[in-house]
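Every number in this text was worked out from the coordinates using simple rules, so none of it is lab data. Predicted model only: the values in this text are computed from it and were never measured. Reconstructed Cβ throughout: ideal geometry from the backbone, glycine too, with neighbour counts over all protein chains shown.
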Amino acid sequence: MEKRKIGKSDLEVLPFDLGGNVFGWTADEKMSFKILDAYVADGFNFIDTANAYSSWVPGNKGGESETIIGNWIKKNGKRDRLVLATKVGATISDTSKGLKKEYILKQAEESLRRLQTEYIDLYFTHYDDMDTPIEETLEAYAQLVKEGKVRYIGTSNMSGARIAESIEKSLSNGLPEYICLQPKYNLYDRSEYEKEYEPIAKKYGLGVVTYYSLASGFLTGKYSFDKDVEGKRSNTVKEYMNDRGRKILDALKEVANDYNATPAQVAIAWIIARPSVTAPIASVSKPEQLDILKAVDL
């Protein structure tokens, strides 16, 4: 499959974005290195992380994923082959959150240090900050772009109205504009993206990289309706264990059987086939789980 450009940028990627949320959580540094090595060996180049990953793990403070990726980049020296995305704006602590200019500039420096790189290809607003004027946030990004520390910006977890308002302010004030959207989207969670966000993505020519592409693992088919859900994502997966989820999974398994594929591969291929989507994001905790990459050719 040919590479795709992310929105209006010159960033080219194969349509699969490796999620780094598991690095420092369900995958330690040694295992993360194996996953990253295998991923780029297959010709892929798009890696997604955030300054908040994985602050929810007891003993972690956030930045663990970026640190692991940075150590890996230093070891293999392949930075120029990568499209590296990270984020700012999630609540890490009472004093580490938001989108004020001073905070963004500080967090960008820390992300660059942890990632051991001079620039971030795609810097996302992770969560909106209703207490900070849109212009202030965009001015912070403008400074980072001018300094060569950020190439492009994207957004996630903002309302459609706020995304449109932000882009319009960028266009009218000569500030960097969001070129990529990162929404929640998968075979189960469809309506919010298709009704609210997809029209905006089409209107402004935004690239789209989807998170929760496998519905926290539910769409892999590994969870049984006849057993209690266990594991680190059990609370989220339980939300899908209903009649609708059963019907979706049954259909998914039927199609997978017809194409000699896995349910996960079919679920990812379905997202890739959506005309407005650039690439789905999915994470793995073991290199062998990267057989999901076959989805790009399905």
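Listed values, structure above:
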item	result
Relative contact order computed over the range 154-248 (Cα-Cα under 8 Å; 6+ residues apart), in percent	25
Computed helical MRE - 222 nm, the chain, DSSP H runs ≥ 4 contributing -39500 (n - 2.57), nearest 500	-11000 deg cm²/dmol
Anisotropy class of the range 97-247 from Cα gyration tensor, a/c 1.5 cut	prolate
The range 53-176 - charge dipole about Cα centre, Lys and Arg +1 at Cβ, Asp and Glu -1, debye rounded to 20	660
Leading residue at positive end of dipole, the range 76-209 (Cβ point charges), from Gln116, Asn76, Val145	Asn76
Cα centroid separation - the range 16-31 against the range 103-137, whole Å	21
Mean separation of Cα contacts under 8 Å (6+ apart) over length of the chain, as relative contact order %	20
Lys, Arg +1 and Asp, Glu -1 on Cβ, resulting dipole of the chain about Cα centre, debye, nearest 20	380
Candidate values [x] 6, 21, 25, 21, 14, 8, 4, 2, 0, 0, 0; [y] 7, 31, 38, 21, 3, 0; [z] 6, 28, 37, 23, 6, 0, label of the one derived for P(r) over Cα pairs in 10 Å bins from 0, in percent	[z]
Positive-end residue, the range 4-124 charge dipole about Cα centroid, Cβ charges, pick of Ala85, Trp56, Val22	Ala85
